[in-house]
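The values are calculated or read from the model by the stated rules, or taken from the named source; none is laboratory data. Please read these numbers as outputs of a predicted model, since none were measured by experiment. Here Cβ is always computed from backbone atoms with ideal geometry, including for glycine, and neighbour counts include all displayed protein chains.
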Amino acid sequence: MTDEQHAEPDADEAAEVQRHRRFGALPERIRPEDMVETRPAIGHDPDREAYDPDGFAVRYGL
């Protein structure tokens with residue numbers, strides 16, 4: 001065997017150690033509740049939600 005043939009197993013072992021360090025463990029589990037973001041489709045608009053009884057009567061002729 002030559003020196004080059006002896007160098008290959010060390011390189012393979014180093015690559016295996018590096019692969020194990022990178023892919024050896026699974027990432028933390030993420031709960032389904034944490035994968036969903038809930039927010040209103042339309043932001044809060046105080047003018048839209050304000051009730052004006054006179055405006056209602058004028059608009060609908062009551």
*What about Ala15, is it over 25 Å from the mean Cα position of the chain (by Cα), surrounded by fewer than 10 Cβ atoms within 10 Å (Cβ to Cβ), of a type outside the set (S, T, N, Q) and modelled with pLDDT of 85 or more?*
no
*Which residue pairs have Cβ atoms under 8 Å apart, sit 6 or more places apart or on different chains, and have a first residue in the stretch 38-62 that is without any contact (Cβ under 8 Å) to a residue 60 or more places away in the chain and a second that is surrounded by 10 or more Cβ atoms within 10 Å (Cβ to Cβ) and of a type outside the set (Ser, Thr, Tyr)?*
Leu62/Phe56
*Please verify whether the stretch 33-43 includes one or more residues that are modelled with pLDDT of 80 or more, not in a loop (DSSP other than H, G, I, E, B) and not aliphatic (A, V, I, L, M).*
yes
